[in-house]
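Chemist: Sharing a structure with you now.
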Amino acid sequence: MGGAIALAYAAAGASVIAADVNDDGLAETRALYPDGAGTLVTRNCDVRNEQAVADLVGQAADKTGAIDILVNNAAMLGEWVPIAEQTSENLDRVFGVNVKGAIFGMKHALQYMIPRKSGVIVNIASVQGFRVAYAGAAFYAASKAALVSLTKSAAIENGQYGIRVVGLAPGPIDTPMLRSSAGEGWPPPIINDVPLAKIGQVEDIARTVLWLSSNDAAYISGATLPVDGGWLAV
């Protein structure tokens, strides 16, 4: 999903810095880079490490001259087991990536956005931040609910600087994460709960992220938009 978002921005002419801990994923994104698009640079970064995030944001600002848009997309499922069987290590991993990583990204990007009184932050949450779909998903769902709340808080704090903070809550999207949790069957059973009766594609998310960060959405801030084929309406 992150690769699709990065490529969509590049195709729109933006200067993009894409970061991941997965070098293979970064290489795949570079290989799909469209001719004639904006610039795309990839960097390895563990978002659980605040200094690594600060360095990444600083490199992006040095390269492009400003931080206009930040997309917090890094996420992990963790181990899906009942709360009674969960471990503190799994809690630290899931919240480290899904929550602390987003906080670090916002904190350091805002250092560049506030003086310019301009910028957009898009936090990729999940429909599970609103409604838990699976037993064992407590940590993942709680981390995404935290991101929905953080989006509201950041929007309230930074609206005075002309900075918008918005969220996007994907439903079932065809990603390695969904396929890893779906087991051997495809499409997964959750498709039966989607009114549009199909699994979404990463391009559905990428297009919506671009719209949310554009001037066409200039009066949207603090909200998290579901992109879920109607799943939350059921």
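The values are calculated or read from the model by the stated rules, or taken from the named source; none is laboratory data. Owing to the predicted nature of the structure, the values given are computational and were not obtained by experimental measurement. Glycine also receives a Cβ, built like all others from the backbone with ideal geometry; neighbour counts cover every protein chain displayed. For the accessible areas, the whole protein counts, side chains as well, though only heavy atoms, and no ligand, DNA or RNA atoms are used. Shrake-Rupley method; radii C 1.70, N 1.55, O 1.52, S 1.80 Å.
Chemist: In the range 169-189, how many residues are open to solvent by less than 20 Å² (accessible area, probe 1.4 Å) and either within 19 Å of Ala4 (Cα to Cα) or part of a helix (DSSP H, G or I) (or both)? Give the steps one after another, and end with the answer.
Modeler: We begin by selecting, within the range 169-189, every residue open to solvent by less than 20 Å² (accessible area, probe 1.4 Å); these are 169-173, 175, 188.
From what is left, the residues that are either within 19 Å of Ala4 (Cα to Cα) or part of a helix (DSSP H, G or I) (or both) are 169-173, 175.
So the answer is 6.
Chemist: Quick test for you: out of Leu40, Leu77, pick the one residue that is modelled with pLDDT under 95, under 29 Å from Tyr134 (Cα atoms) and in contact with a helix residue (DSSP H, G or I) (Cβ under 6 Å, 6 or more places away or on another chain).
Modeler: Exactly one residue qualifies, and that residue is Leu77.
Chemist: Mind checking which residues of the range 137-164 are without any contact (Cβ under 8 Å) to a residue 40 or more places away in the chain and touching a Ser or Thr at 6+ places or on another chain (Cβ under 8 Å)?
Modeler: Within the range 137-164, just Ala141 meets the criteria.
Chemist: I would also like to ask the following. In the range 121-143, which residue that is more than 19 Å from Pro226 (Cα to Cα) and not aliphatic (A, V, I, L, M) is least open to solvent (accessible area, probe 1.4 Å)?
Modeler: For the range 121-143, the residue satisfying everything is Gly136.
Chemist: If you don't mind, another one. Would it be correct to say that Gly162 is within 20 Å of Leu232 (Cα to Cα) and at pLDDT 95 or above?
Modeler: Numbers: within 20 Å of Leu232 (Cα to Cα): no; at pLDDT 95 or above: yes.
Here the answer is no, as Gly162 does not meet what is asked.
Chemist: Of all residues in the range 200-220, count the ones that are open to solvent by less than 20 Å² (accessible area, probe 1.4 Å) and either among the small types (Gly, Ala, Ser) or farther than 19 Å from Gly129 by Cβ (or both).
Modeler: 4
Chemist: Now for a separate question. Would you please list the contacts, defined by Cβ atoms under 9 Å and residues six or more apart or on different chains, that run from a residue in the range 59-88 that is over 30 Å from Ala182 (Cβ atoms) to a residue that is charged (D, E, K, R) and open to solvent by 70 Å² or more (accessible area, probe 1.4 Å)?
Modeler: Cβ pairs passing all conditions: Gln59/Arg43; Ala60/Arg43; Ala66/Arg116; Ile67/Arg116; Asp68/Arg116.
Chemist: Residues Asp174, Asp68, Asp92: which one is of a type in the set (D, E, K, R) and under 29 Å from Pro195 (Cβ atoms)?
Modeler: Checking each option against the conditions leaves just Asp174.
Chemist: Still on this structure: Which of the residues belonging to the range 137-196 are of a type in the set (Val, Ile, Thr), more than 18 Å from the chain's Cα centre (by Cα) and over 30 Å from Arg116 (Cα atoms)?
Modeler: Scanning the range 137-196 gives Ile190, Ile191, Val194.
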